[in-house]
Amino acid sequence: MKLIPVLLLLAAPLMADPMLIDDFSDGAENRWRYASDRVMGGVSEGGASLGVEDGTTFAQLRGMVSTANNGGFIQIRQDLQIRLPSDAAGISLRARGNGATYYVHLRPEASRRPWQYYQAAFETSAKWQDITLPWSAFQPQGGLGAAFAPGDIRSLGIVAYGANYEVVLDVDWVGAHQD
C-alpha cells in the first residue's frame with residue numbers, strides 16, 4: 001500500500017528552481033546600469049537604486065516615461081556574465097509595482113541596433129509576486145527573427161516602456177527557469 005503514494009510522487013512533474021541571474025545583493029550597482037530615452041533625444045525621467053526591506057535587497061526603478069519627442073522608456077540593464085543554459089524555458093522574476101505594465105527585454109548576439117531585442121510584458125501589483133515569462137511570451141522587435149537560442153542572449157533589461165506613465169517598480173530577483 002505504501003508503494004502507491006511513492007509512485008504517484010515519482011510521476012508528478014518536478015518544478016525546478018530558476019537559475020539565479022541576480023538577486024541584487026552585494027555589488028548589484030556595478031552589474032546593472034540605468035538608461036533612458038534621453039540618450040536619443042527623449043524626455044523620460046527617472047533613476048534606479050537599491051532598496052532594503054526586511055533584510056531583502058531589491059532594485060528600484062522610479063520615474064516618468066514620456067513618449068514625447070519620440071521617446072518612451074527607462075530601464076535597468078545587465079550584461080550577462082554567464083550565458084543562459086540551453087534548456088532554459090524562460091525568465092522568472094519576483095516584482096511589485098504600481099499596477100502598470102513593465103517589460104523584460106533580451107538582447108541576443110544577433111542584435112546590432114539598440115531597437116533590436118525580444119520583449120515580454122508583465123503586470124504588477126502592490127504585493128510581491130513571482131512572474132514567469134516563457135520564451136513564447138517574448139516577441140521580436142526591430143527586425144530580429146522569431147526564434148532565438150537562450151545561450152545567445154547577452155543582456156537583460158527590465159523596462160518601463162511605450163506609454164506615458166509613472167514608474168514604480170521593485171525587483172527582488174531575476175532568473176532563468178527550466179521546465
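The values are calculated or read from the model by the stated rules, or taken from the named source; none is laboratory data. All values derive from a computational prediction rather than experimental measurement. FYI the Cβ positions are ideal-geometry reconstructions off the backbone, even for glycines, and counts take in every protein chain you see. These accessible areas exclude ligands, DNA and RNA; they are computed on the full protein's heavy atoms, side chains included. Shrake-Rupley method; radii C 1.70, N 1.55, O 1.52, S 1.80 Å.
Within segment 110-118, identify whether any single residue is touching a Pro at 6+ places or on another chain (Cβ under 9 Å), at pLDDT 95 or above and under 15 Å from VAL174 (Cα atoms), and answer yes or no.
No, because not a single residue in segment 110-118 is touching a Pro at 6+ places or on another chain (Cβ under 9 Å), at pLDDT 95 or above and under 15 Å from VAL174 (Cα atoms).
Are any residues in segment 89-112 assigned to a loop (DSSP other than H, G, I, E, B) and open to solvent by less than 10 Å² (accessible area, probe 1.4 Å), and if so, which ones?
If we filter segment 89-112 for residues that are assigned to a loop (DSSP other than H, G, I, E, B), which is where we start, we get 89, 98-100, 109-112.
If the condition is that a residue be assigned to a loop (DSSP other than H, G, I, E, B) and open to solvent by less than 10 Å² (accessible area, probe 1.4 Å), then SER111 is the only one that fits.
Between residues in segment 150-179 that are farther than 20 Å from SER25 by Cα and residues that are charged (D, E, K, R), which pairs lie under 6 Å by C-beta distance while being six or more apart or on different chains?
Taking only residues 6 or more apart or on different chains, the pairs are GLY151/ARG83; ASP152/GLU109; ARG154/ARG107; ARG154/GLU109; VAL167/ARG62; GLN178/ASP87.
Considering segment 48-66 alone, what residues qualify as being touching a residue at least 60 places away in the same chain (Cβ under 8 Å) and either aliphatic (A, V, I, L, M) or within 18 Å of TYR117 (Cβ to Cβ) (or both)?
From segment 48-66, those touching a residue at least 60 places away in the same chain (Cβ under 8 Å) are 51, 56, 58-66; that's our starting set.
ALA59, LEU61, MET64, VAL65, listed by residue number.
Could you list all residues from segment 100-118 that are in contact with a helix residue (DSSP H, G or I) (Cβ under 9 Å, 6 or more places away or on another chain) and of a type outside the set (A, V, I, L, M, F, W, C)?
Passing the criteria: PRO108, GLU109, PRO114, TYR118.
Which one of TRP115, TRP173 is open to solvent by 40 Å² or more (accessible area, probe 1.4 Å), among the hydrophobic types (A, V, I, L, M, F, W, C), assigned to a strand (DSSP E or B) and within 27 Å of GLU45 (Cβ to Cβ)? Steps first, please.
Values: TRP115 fails: assigned to a strand (DSSP E or B).
On inspection, the qualifying residue turns out to be TRP173.
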